[in-house]
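The values are calculated or read from the model by the stated rules, or taken from the named source; none is laboratory data. These numbers were taken from a predicted model, which means no experiment stands behind them. As a convention, Cβ positions derive from the backbone with ideal geometry for all residues, glycine included, and neighbour counts pool all protein chains shown.
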Amino acid sequence: MARSEALGIRRLEAVHFLVRDIAPHRQFWVDRLDFAWLGASDDTAAAAGGQRSHVIEAGSARYILTEPLSDDSRAGRFLSRHPDGVGELIFEVDSADRTFEVIAERGGTAVADPETVTDEHGSYRWFSITSPFGEVLFTFAERRGYRGLLPGVRTFDTARGGRNRFGFGEIDHVTSNFLTLQPMLLWFRNVLGFEEYWGIEFHTDDVAVSAGGTGSGLKSTVMWDPHSGVKFANNEPRRPHFDRSQIYTFVEDNNGPGVQHTALTIADIVATVGDMRSAGIGFMPTPESYYEMLPPRMAESDIEIDEDISTLRELEILVDGEGPGKYLLQIFCKDFAGLFEDKQGGPFFLEIIQRKGDRGFGGGNFRALFESIEREQKAVGRV
């Protein structure tokens, strides 16, 4: 049995956001992104945990939004040290007990032994472990036929809010930032049994957008579970000018390492980005030079794209490809601090991605995104 298969991960079930005020976040996800609001904490669970949660979903991409009712709650303690952000990743597994045993044998640190909750929806067995992702917990849950959303969450008779008019499909990958990658990579390999999938590193020496025109860089390594296909892209700053990197800035703004963004798949990015802009979704700008270089880049990789480059330029959509006939299109929303005009909204953002045969991570786009984030940060005095 492969090392990742031994863990029995089926899928990334949910991304759990901890936020100071749930109302603007729900308004963003439901009213602007057209996610469905599926359920909310029941009063008993909210009182017991000192926090309340809402569950939202589009396609199979599920997020949990939780705000503290008490400073001593998990959400309250997290938010006393961090801006709004991801505090937990939940994975569905074949057997919580088997996953627990494997992780314990490999030296993982569990918060507690597996716990079973039984209610009118069935049985739900789960446990959480600590991670190198700052204070982000990794939770492994076995549903055992469980039909509800989560224990303690009341499912609405009819989903409220959005109907996924943009056509979001699933969470394609999770991207996180660190000041050093090696502890996290060792943890992924030795505790979770993940394998290396992809990597890139560069430095923008020639781009005069940072203070003094010094540029900055990153190293990125993607780890994946071949059994489930779950993927994590992980970044660290690259010398020289280590502390000029937007990866470094993220870690500063987040008060530690953590999840930078999640990528949502979409069926037709060109047809929907204009609608998303009309719905008040702001995106990171793309340098004009990017589109001047796009035709030779595509020709060099022997890629013919279906989309008109002038349309991509107008919408500021990025394109990259791994070989003949295979490419992807992607765009990145502004971070939540910018979208909510509140620094406590946090440096997290969303990626929108359409894959057309390409299973990579847009290596040619990494630099363009990197420069784009630095321009945004320079505009508000953060680099």
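Filtered by the rule that a residue be in a helix (DSSP H, G or I) and acidic (Asp, Glu), segment 1-50 gives Glu5, Asp31, Asp43.
Can you tell me which residues in segment 273-332 are part of a strand (DSSP E or B), modelled with pLDDT of 85 or more and surrounded by fewer than 19 Cβ atoms within 10 Å (Cβ to Cβ)? Lys326, the sole residue that qualifies. Contact map, segment 350-363: first residue part of a helix (DSSP H, G or I), second residue surrounded by fewer than 22 Cβ atoms within 10 Å (Cβ to Cβ) and charged (D, E, K, R), Cβ cut-off under 7 Å, separation 6 or more or different chains; the map is empty.
Is it true that Phe188 is aromatic (Phe, Trp, Tyr) and not in a loop (DSSP other than H, G, I, E, B)? Please lay out each step first, then the result.
Values: aromatic (Phe, Trp, Tyr): yes; not in a loop (DSSP other than H, G, I, E, B): yes.
Yes.
Go through (1) within 17 Å of the chain's Cα centre (by Cα); (2) charged (D, E, K, R); (3) modelled with pLDDT under 90 for Glu374 and report which single condition fails. Condition not satisfied by Glu374: (1). Residues of segment 156-179 that are modelled with pLDDT under 95 and aliphatic (A, V, I, L, M): Ala159 alone. In this entry, Arg20 is excluded by the filter for residues that are among the basic types (Lys, Arg), at pLDDT 95 or above and buried (at least 19 other Cβ atoms within 10 Å of the Cβ). Hey, could you check segment 108-156 for residues that are closer than 23 Å to Arg77 by Cα and of a type in the set (Ser, Thr, Tyr) and say which is surrounded by the fewest Cβ atoms within 10 Å (Cβ to Cβ)? So, considering only residues that are closer than 23 Å to Arg77 by Cα and of a type in the set (Ser, Thr, Tyr), the one surrounded by the fewest Cβ atoms within 10 Å (Cβ to Cβ) is Thr109. Assuming Ser245 fulfils every condition listed in (1) surrounded by fewer than 19 Cβ atoms within 10 Å (Cβ to Cβ); (2) at pLDDT below 90 apart from one, which condition is it? Among (1) surrounded by fewer than 19 Cβ atoms within 10 Å (Cβ to Cβ); (2) at pLDDT below 90, the lone unmet condition for Ser245 is (1). Criterion applied to Gly229, Gly258, Gly321 was being over 30 Å from Glu5 (Cβ atoms) and of a type in the set (Gly, Ala, Ser), and the one residue passing it is Gly321. Pairs only if they're at least six apart or on different chains, beta carbon under 6 angstrom, first in segment 99-119 and assigned by TED's automatic domain parsing to the domain that holds Thr139, second among the small types (Gly, Ala, Ser) and surrounded by 15 or more Cβ atoms within 10 Å (Cβ to Cβ); list them, first residue then second. Within 6 Å, the pairs are Thr99/Gly8; Val102/Ala6; Val111/Ser128; Pro114/Ala96. If you check every pair at least six apart or on different chains, which have Cβ atoms under 6 Å apart with a residue in segment 26-41 that is under 11 Å from Phe156 (Cα atoms) first and a residue that is buried (at least 21 other Cβ atoms within 10 Å of the Cβ) and hydroxyl-bearing (Ser, Thr, Tyr) second? Qualifying pairs under 6 Å: Ser41/Ser53.
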